[in-house]
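Only the coordinates and a few stated rules stand behind these numbers; no lab work does. Please read all numbers here as calculations on a predicted model, not as lab measurements. Please note: Cβ atoms are built from the backbone with ideal geometry, for glycine as well, and neighbour counts cover all protein chains shown.
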Amino acid sequence: MWYREALWTGYNYIQQQSGFDENYFIRVIREIKQTSDGIRPDYLETTIKAGGSGFNSGQVIYTPPRGMDTIRKKLANLIEFVNDDERFRIDHIIKMAIAHYQFEAIHPFRDGNVRSGRIFNIHYLTKKRLLDLPILFLSRYIMDHKEDYYNSLMGVSQRANWKDWLFYMLRAVESTSNMTYDKINDIVSAKDAILKHVKKEAKNIRNPEKIVEMIFTQPFTKVIHLQNEKVYAENTARTYLNNLCDIHVLEKRTIEGHHYYLNLELYRILSE
């Protein structure tokens, strides 16, 4: 849930701005952490320690800059780098990789920096129009290859090894792009098949194209979603959603007294 909300909060904000700014990063971290926190305060002596259970576990491997003024200056430098494509003429994917490293090295917040950095990647690509919408889930690749991610980051900090870091991020974009393309095709095929099934098995549903469109906007649908979009009145929406349960398109779930309708096929595709 935090990822989706932070993703769209940052996306909607940045689309209304001429470029990135400090407020963008603060909005994202506040959505992730659900706090009013901001730039890491002066008194925090933050360090990055080696994880795992090996010989070096717990040892300090990196000390990010300290002091709010210092952090703000370095963040301003990062913002200038990503916004100014005249002075810094670099391929946008390479620039994204450099900017991501720079953000993680600054480590501007007391917590949630890695999550913020992963979201920043996608917002950068949408702002530079390499993506129309923030649908490239780079986080999945990073989480699946977490050890390589941290090793590559530390390689830049400790040995100025940019090559391995850039290749890591290029592989992440390539792998995630292929996976996303396949999922989009699977979703489109499932949507077409379900619409055909609904027209055949639930002929009482008025405007079946619209309800199928709605149940494919997210895995879970509620009656109020159809009401808010002015697709159907409350009772009609509830009847139609229950009809889709009867023909095994949806599955009704009750969570804390609230009814949700799960799109089984969309959930399967997104879960793979």
Taking the residues in segment 195-238 that are surrounded by 15 or more Cβ atoms within 10 Å (Cβ to Cβ) and small (Gly, Ala, Ser) as candidates, determine which candidate is nearest to Lys252 (Cα to Cα).
Ala237
Collect the residues in segment 86-107 that are of a type outside the set (A, V, I, L, M) and within 24 Å of the chain's Cα centre (by Cα), keeping them in residue-number order.
Asp91, His92, Lys95, His100, Tyr101, Gln102, Phe103, Glu104, His107
Does segment 6-20 include one or more residues that are closer than 25 Å to Glu147 by Cα, in a loop (DSSP other than H, G, I, E, B) and under 20 Å from the mean Cα position of the chain (by Cα)?
no
